[in-house]
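Note sheet for the following structure.
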Amino acid sequence: MSSLKPLPIDIVSDVVCPWCYIGKRRIENALALVPDVPVEVQWRPFFLNPWVPREGISRDEYLTTKFGSVEAYKGMAGRVVAAAGEEGLSYRPDLVKRQPNTIDCHRLIHWAEAKGKSAEMKQRLMELYFRDGGDLTDIDVLVQAAADCGLDADDVRRRLATDEDVERISAQAQEAAEAAIKKIKGGAKFEDVAKAESTDSSKANGGDLGWFTLTRMAKPFGDAVKGLKKGEMTATPVQTQFGWHVIKLEDTRETAPPPFEQVKQQVSTGVMQKKLQAYVETLKKTAKIEKSL
């Protein structure tokens, strides 16, 4: 038995995040190279898509909302599918028909931890989603997954019907962003923390989103930026429909308004929509409903 104190490793990830799926296998392979080093891995919750409702949405609606279109995502998926294959994993995006909210998945992982099976539970849920196209919004699917990992099916079904541990899981997801702020305040560079902790496309650039107008960002994000001065960082995490954010304002610049011809169609469409909405409201107020027997 090793006399070394176990090395604590906290892994913040989501069961529907493809790079988390791949990353889990990579870290497990890395740890297998040093079997004499004891570790304690804690699987912390992260919500890749917190804006998805509890009942989930269709995959097509999700891809269109997040990537612009189903076809746009197909152009990106190949690289992820290939990376998964290199790790001996199967990712079949064509089989996924429903995009879940993952709060219940994270509850299962939390409950499995009591039996020392959190990693097994996480892997089972990931395989169901990425390999089999399983519907993780279906209670029967979740209960069966739990049973496959040795949890009591009836007990899990009963607990899923309640709000048990919902607040705990949500709070843990926020803690990851708070931990990032603490690291930066402790002297770590913003870009280094972003490269290590970020889960979006800005990760490779150290969190750099480039130049953008506030109207292009989610309102809570834009509102937070407006309250910052150059070089300042948000004191607390900012939540939008895309997750929790730590924001640092590097610089600002003036932008000239676009030529009228460039936005003419957009303005015209907006005016017509307002007129149509006003007309509909007038009809609602003046309409007479007659009932004949």
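We did not get these values from a lab; they are worked out from the coordinates using the rules stated. All values reported here derive from a predicted model rather than from experimental measurement. Glycine gets a Cβ as well: all are built from the backbone with ideal geometry, and neighbour counts include every protein chain shown.
What nm value, rounded to one decimal, do you get for the distance between A77 and Q174 when each label is placed 7 Å out toward the C-beta?
Between A77 and Q174, the simple spin-label model gives 3.5 nm.
Which of A112, T137, W244 sits farthest toward the positive end of the charge dipole of the chain, with +1 on the Cβ of Lys and Arg and -1 on the Cβ of Asp and Glu?
W244
Jot down the per residue volume, in cubic angstrom and as a whole number, of the convex hull over the alpha-carbon atoms of region 52-130. The partial results should precede the final answer.
Values: hull volume 6.8 nm³, N = 79.
Hull volume normalised by residue count: 86 Å³.
Trypsin sites (Lys or Arg not before Pro) within region 150-212: which are DSSP loop residues with at most 16 other Cβ atoms inside 10 Å? Please list the in-between numbers first.
On the way: sites: R157, R158, R159, R168, K182, K183, K185, K189, K195, K203; in loops: K189.
Of the trypsin sites (Lys or Arg not before Pro), the ones in loops of region 150-212 whose Cβ has at most 16 other Cβ atoms within 10 Å are K189.
What is the Cα radius of gyration of region 7-160 over 2.2 N^0.38 Å, N being its residue count? Mind dumping the intermediate values first?
Details: Rg = 15.7 Å, N = 154, 2.2 N^0.38 = 14.9 Å.
This ratio for region 7-160 stands at 1.05.
Among T255, Y279, A32, whose Cα projects farthest towards the positive end of the dipole of the chain, with charges put on the beta-carbon of Lys, Arg (+1) and Asp, Glu (-1)?
Value: Y279.
Counting Lys +1, Arg +1, Asp -1, Glu -1, what net charge surrounds G186 among other residues with beta carbon under 13 Å of its beta carbon?
Details: positive: K182, K183, K185, K189; negative: E178, D192.
After counting each charged neighbour, the total is +2.
Only helices at least 18 Å long along their axis, Cα-based, and averaging 0.0 or more on Kyte-Doolittle count here, so list those DSSP H runs from the chain. Let's see the in-between values first.
Details: long enough: 18-32 (22 Å, -0.35); 70-86 (24 Å, 0.33); 166-185 (29 Å, -0.30); 260-286 (38 Å, -0.66).
The qualifying helices are 70-86.
Give or take rounding to whole Å, what are the principal axis extents of the alpha carbon atoms in the chain, in descending order?
Reported extents, whole Å, longest axis first: 80, 65, 36.
Given a Förster distance of 45 angstrom, what is the FRET efficiency for L4 paired with Y279, based on the Cβ-Cβ distance and rounded to 0.05? Show your work: numbers first, answer last.
On the way: r = 75 Å, r/R0 = 1.66.
Once rounded, the FRET efficiency stands at 0.05.
Out of all Cα-Cα pairs in region 137-197, roughly what percent, to the nearest whole number, are more than 20 Å apart? Mind dumping the intermediate values first?
Working: 941 of 1830 pairs.
Looking at region 137-197, the distances longer than 20 Å represent 51 percent of pairs.
In what order do W19, W211 fall by count of nearby beta-carbon atoms within 10 Å, going from fewest to most? Could you put the intermediate results ahead of the total?
Details: W19 16, W211 9.
Arranged by neighbour count, lowest to highest, W19, W211 become W211, W19.
Assuming 0.36 nm per residue, please report the length gained on full extension of the stretch D138 to D208 beyond their Cα-Cα distance.
Difference between extended and current length: 21.4 nm.
Per DSSP H run of at least 4 residues, take -39500 (n - 2.57); add these up for the chain, divide by its residues and hand me the 222 nm value, nearest 500 deg cm²/dmol. Could you put the intermediate results ahead of the total?
Details: 11 runs with 142 residues, N = 293.
Rounded to the nearest 500, it is -15500 deg cm²/dmol.
Once the mean 1/r over all distinct Cα pairs of region 125-251 is inverted, what Kirkwood radius in angstroms do you read off?
On the way: mean 1/r = 0.0576 Å⁻¹.
After inverting the mean inverse Cα-Cα distance, the result is 17.4 Å.
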